[in-house]
Amino acid sequence: MTVLREGNLELRLPRAASGRKFDEGAHGMSHCMKAVDFIVEFPDRIMFIEVKDPDDPAAAGHPNSADFLQDLQSGKIDNALALKFRDSFLYEWAADRLEKPVHYLVLLAAKSLDAAMLLSRTDSLKEQLPYDGPSGGIWKRRLAERCAVLNIEAWNRHLPDIPVIRLGT
């Protein structure tokens, strides 16, 4: 089993999947491209995973955690999340590694986010990607076959094969 870690969050991948850390300069283009945290490959799909953890105990009381949630609720974060996806997609496309459908999942580890907020952020992110492409149907496929913004509870409910665990709690 492969384990991917971001801060004190762990994602445990099933045997059928392989994953790698992609951000923090691992792709060698951080001077001009944004990157998702992880790229996970399954036999039938590729997942781009971005993790944001404003509930991280190490960030408790840190002014940036409150600012992040305010920026999230206002929609300011959506553009940054879309850029991470697009740059990662472009990088992987240029490396000729996108032969499978791509899913973009954003894990927002914030208990305060309810289902309505997660759905609203998902819809907004789809608009920013652009998820469905231009009107008129000229695109033959989507950039992402699936796009979702999930908190830990929703993630573990919808993706039980890739559980997220908070360490040290």
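For q values of 0.18, 0.30 Å⁻¹, compute log₁₀ I(q)/I(0) with the Debye formula on a Cα-only model of region 2-42, without solvent.
-0.53, -1.01
Hey, what do the phi angles of region 101-113 turn into as Karplus ³J(HN,Hα) couplings, whole Hz, using 6.51/-1.76/1.60 and θ = phi - 60°, x for Gly and Pro?
x, 9, 10, 10, 10, 10, 9, 9, 7, 9, 4, 6, 7
Among PHE89, PHE68, PHE22, which one shows the highest mean-square fluctuation when the chain is modelled as a Gaussian network with alpha-carbon springs under 10 Å?
Among PHE89, PHE68, PHE22, the largest mean-square fluctuation in the Gaussian network model of the chain belongs to PHE68.
Which of the listed residues, THR2, TYR104, TRP139, is farthest toward the dipole's positive end in the chain, when Lys, Arg count +1 and Asp, Glu count -1 at the beta-carbon?
So the residue furthest toward the plus end is TRP139.
Would you mind ranking ARG20, ARG142 by Cβ crowding within 10 Å, fewest neighbours first? Each step should come with its number before you reach the end.
On the way: ARG20 12, ARG142 16.
Neighbour counts put them in this order, fewest first: ARG20, ARG142.
Sum -39500 (n - 2.57) across every DSSP H segment of at least 4 residues in the chain, then divide by the residue count to get the 222 nm mean residue ellipticity, nearest 500.
Numbers: 4 runs with 52 residues, N = 169.
Result for the chain, helices only: -10000 deg cm²/dmol.
Of all GluC sites (Glu not before Pro) in region 72-141, which ones are in loop regions per DSSP and have a Cβ with at most 12 other Cβ atoms within 10 Å?
Numbers: sites: GLU92, GLU99, GLU127; in loops: GLU99.
Passing sites in region 72-141 are GLU99.
Laboratory data are not the source of any read-out in this text; all were calculated from the coordinates shown. Remember, predicted model here, so these are calculated numbers, not experimental data. Here the Cβ is made from the backbone with ideal geometry for all residues, glycine too, and neighbour counts use every protein chain on show.
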